[in-house]
Amino acid sequence: MKNFDYSIKTEVYFGKGKIKSLGRILQRYGEKVLLVYGGGSIKKVGLYEKVKSILEENNIECIELGGVDPNPRIESVREGVKLVHENSIDMILPVGGGSTIDCAKAISGASFYDGDPWEIVKNPSKIEKALPIISILTLSATGSEMDPFAVISNMDTNEKLGLGNEILRPVASILDPEYTYSVPKNQTAAGTADIMSHVFEVYFSKTKDAYLQDRMAEGVLKTCIKYGEIAYNEPENYEARANLMWASSLAINGLLSCGKEGTAWSVHPIEHELSAFYDITHGVGLAILTPNWMKFVLNEDTLEKFYEFGVNVWDIDKSLDKKEVANLAIEKTRNYFKKLGIPGKLREIGIGDEKFEIMAEKAVKVGGLKYGYRALNKDDVISIFKASL
């Protein structure tokens, strides 16, 4: 295991009714807040009115930025920065899923940058200061409520880029599983796939002696496998929603990658190109690509890890041939996503092979794929795309 430093500044308020802490949290950071949200689902479930009431009770002035897209656009970030400057905003309050929180993070970092916000997306090292972010989560998926990352899309250039900077971690996050009851089945499924993919990206690493991290990763995966299906079929099952919500945070808050090397991500950069060109749901793209990536990287060097995955996560008989266990584990992963109603092929969501070349080229150029679990070049990515057709 390699040396590491680990610190998370995010305060987590987890459970039913934890929104009661919101006023006290916000008062620490100022008197003017930018409320960021998406397409209006928070209004349908009454959360919007609850938040507004708390802001009023605590004499906190509220400026709103609504309409954030599922793949948040740079245009929303620019509008948010404009509102911050025009209204002398002290803090940002994203209420929603990962896209809303991601948008808030980009606004936070760009608010102290003189140039166009897209420049800090392309080069997060330019972020030197940020507004505090207090998030209220309504969808278990990206883990953005407890990590320093964001993903922003520029549809004019067909780019979907991730940015990361430690000062972008939310200072506090309210995680009430009841706020995820109204999440549609397809989003619950895609969110579960997203959580699992975050774990896969660090679980399949070149470090062989991070025993504790791997066992924790397997625990998160087994949690998703058990409770993802329950939440899909019983949307108001508190136990399922609570376990998925906490899995979402633990999957990507840095804990599982401590002490590991070679954890450059592989499937996410490839999927980002699909989303950038076709604006598809991120978790759906990940679920389609992941089993085919697994098949592609399975060889003598990676066999032991996939055997471990099959035995410890999928409970496959360890006495079977290791290669058989590995392949069974990959198929069980594929079939699990199908069980959640996620399409299994790119053609099922209207994607053909027309843009494979350019998407593969861009994925390799910006995604660091040569540093992943198994190094990938342009032809490798095209092969994975073709296997996913």
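Do the conditions hold for S275, that is, is it touching a strand residue (DSSP E or B) at 6+ places or on another chain (Cβ under 6 Å) and on the phi < 0 side of the Ramachandran plot?
yes
Of the conditions (1) in a helix (DSSP H, G or I); (2) open to solvent by 10 Å² or more (accessible area, probe 1.4 Å), I384 fails just one. Which one is it?
All conditions are met except number (2).
For K44, all conditions in the list (1) within 23 Å of the chain's Cα centre (by Cα); (2) more than 16 Å from S173 (Cα to Cα); (3) basic (K, R); (4) loosely packed, with under 14 Cβ neighbours inside 10 Å hold save one; what is the number of the exception?
(1)
Tell me which residues, restricted to the range 335-367, are assigned to a helix (DSSP H, G or I) and surrounded by fewer than 17 Cβ atoms within 10 Å (Cβ to Cβ).
Scanning the range 335-367 gives N335, K338, K339, R347, E348, I349, E357, I358, E361, K365, V366.
Counting only residues that are touching a Gly at 6+ places or on another chain (Cβ under 9 Å) and either under 13 Å from G80 (Cα atoms) or open to solvent by 10 Å² or more (accessible area, probe 1.4 Å) (or both), how many does the range 109-122 have?
Summing the residues that are touching a Gly at 6+ places or on another chain (Cβ under 9 Å) and either under 13 Å from G80 (Cα atoms) or open to solvent by 10 Å² or more (accessible area, probe 1.4 Å) (or both) in the range 109-122 gives 3.
Restricting to the range 89-121, count the residues that are over 20 Å from L26 (Cβ atoms), of a type in the set (D, E, K, R) and touching a helix residue (DSSP H, G or I) at 6+ places or on another chain (Cβ under 9 Å).
Within the range 89-121, residues that are over 20 Å from L26 (Cβ atoms), of a type in the set (D, E, K, R) and touching a helix residue (DSSP H, G or I) at 6+ places or on another chain (Cβ under 9 Å) number 3.
Please work out which residue is surrounded by the most Cβ atoms within 10 Å (Cβ to Cβ), limiting yourself to the range 193-225 and to residues that are outside any helix (DSSP H, G or I) and of a type in the set (S, T, N, Q). Talk me through it step by step, then tell me what you get.
Here is the first cut: in the range 193-225, the ones outside any helix (DSSP H, G or I) are 204-210.
Still in the running and of a type in the set (S, T, N, Q): 205, 207.
Working: S205: 22, T207: 16.
So, considering only residues that are outside any helix (DSSP H, G or I) and of a type in the set (S, T, N, Q), the one surrounded by the most Cβ atoms within 10 Å (Cβ to Cβ) is S205.
Strands (runs of 3 or more DSSP E) wholly in the range 92-175 with at least 2 residues that are closer than 30 Å to G228 by Cα and at pLDDT 95 or above - which ones? I'd like the intermediate steps shown before the answer.
Details: elements: 134-137, 149-154, 159-164, 172-175.
Qualifying strands (runs of 3 or more DSSP E): 134-137, 149-154, 172-175.
Say we look at the range 152-166 and pick out the residues that are hydrophobic (A, V, I, L, M, F, W, C) and more than 30 Å from N243 (Cβ to Cβ); which of these is least open to solvent (accessible area, probe 1.4 Å)?
This residue is L161.
Inspect the range 230-240 for any residue being within 20 Å of the chain's Cα centre (by Cα), in contact (Cβ under 8 Å) with a residue 24 or more places away in the chain and open to solvent by 20 Å² or more (accessible area, probe 1.4 Å) and give the result as yes or no.
Scanning the range 230-240, I find at least one residue that is within 20 Å of the chain's Cα centre (by Cα), in contact (Cβ under 8 Å) with a residue 24 or more places away in the chain and open to solvent by 20 Å² or more (accessible area, probe 1.4 Å), so the answer is yes.
Determine whether the range 275-284 contains at least one residue that is closer than 20 Å to D214 by Cβ and in a helix (DSSP H, G or I).
Within the range 275-284, not a single residue is closer than 20 Å to D214 by Cβ and in a helix (DSSP H, G or I).
Each row is one residue, and each column tells you yes or no for (1) of a type in the set (A, V, I, L, M); (2) part of a helix (DSSP H, G or I).
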{"residue": "L250", "(1), (2)": "yes, yes"}
{"residue": "G259", "(1), (2)": "no, no"}
{"residue": "H268", "(1), (2)": "no, yes"}
{"residue": "I288", "(1), (2)": "yes, yes"}
{"residue": "K295", "(1), (2)": "no, yes"}
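Can you give me the number of residues within the range 256-312 that are open to solvent by 40 Å² or more (accessible area, probe 1.4 Å), hydrophobic (A, V, I, L, M, F, W, C) and under 16 Å from the mean Cα position of the chain (by Cα)?
1
Looking at the range 2-35, which of the residues that are surrounded by 15 or more Cβ atoms within 10 Å (Cβ to Cβ) and within 22 Å of the chain's Cα centre (by Cα) is farthest from L168 (Cα to Cα)?
Here the answer is F14.
Output yes when any residue across the range 79-87 is closer than 20 Å to G162 by Cα, part of a helix (DSSP H, G or I), open to solvent by 10 Å² or more (accessible area, probe 1.4 Å) and without any contact (Cβ under 8 Å) to a residue 24 or more places away in the chain, and no when none is. First the steps, then the outcome.
Residues of the range 79-87 that are closer than 20 Å to G162 by Cα, as a first pass: 79-81.
Add one more test, that the residue is part of a helix (DSSP H, G or I), and what stays is 79-81.
Narrowing further to those that are open to solvent by 10 Å² or more (accessible area, probe 1.4 Å): 79, 81.
Then drop every residue that is not without any contact (Cβ under 8 Å) to a residue 24 or more places away in the chain, which leaves 79.
Looking through the range 79-87, at least one residue is closer than 20 Å to G162 by Cα, part of a helix (DSSP H, G or I), open to solvent by 10 Å² or more (accessible area, probe 1.4 Å) and without any contact (Cβ under 8 Å) to a residue 24 or more places away in the chain.
May I ask you to verify whether A190 is within 13 Å of G98 (Cα to Cα) and part of a loop (DSSP other than H, G, I, E, B)? Write out each step before concluding.
On the way: within 13 Å of G98 (Cα to Cα): yes; part of a loop (DSSP other than H, G, I, E, B): no.
Judged against the criteria, A190 is not a match.
Among the listed residues K208, K222, which satisfies the condition of being of a type in the set (K, R), modelled with pLDDT under 95 and more than 20 Å from V12 (Cβ to Cβ)?
Answer to the selection: K208.
Hey, any hits in the range 36-57 for a residue that's over 22 Å from T142 (Cβ atoms), touching a strand residue (DSSP E or B) at 6+ places or on another chain (Cβ under 8 Å) and β-branched (V, I, T)?
So far as the range 36-57 goes, no, none of its residues is over 22 Å from T142 (Cβ atoms), touching a strand residue (DSSP E or B) at 6+ places or on another chain (Cβ under 8 Å) and β-branched (V, I, T).
The values are calculated or read from the model by the stated rules, or taken from the named source; none is laboratory data. It should be emphasised that the depicted structure is a prediction, and the values quoted were computed from it without experimental measurement. Neighbour counts are summed over all protein chains in view; Cβ atoms, including those assigned to glycine, are modelled from backbone coordinates with ideal geometry. Just the protein is used for accessible areas: all its heavy atoms, side chains included, with ligands, DNA and RNA removed. Shrake-Rupley method; radii C 1.70, N 1.55, O 1.52, S 1.80 Å.
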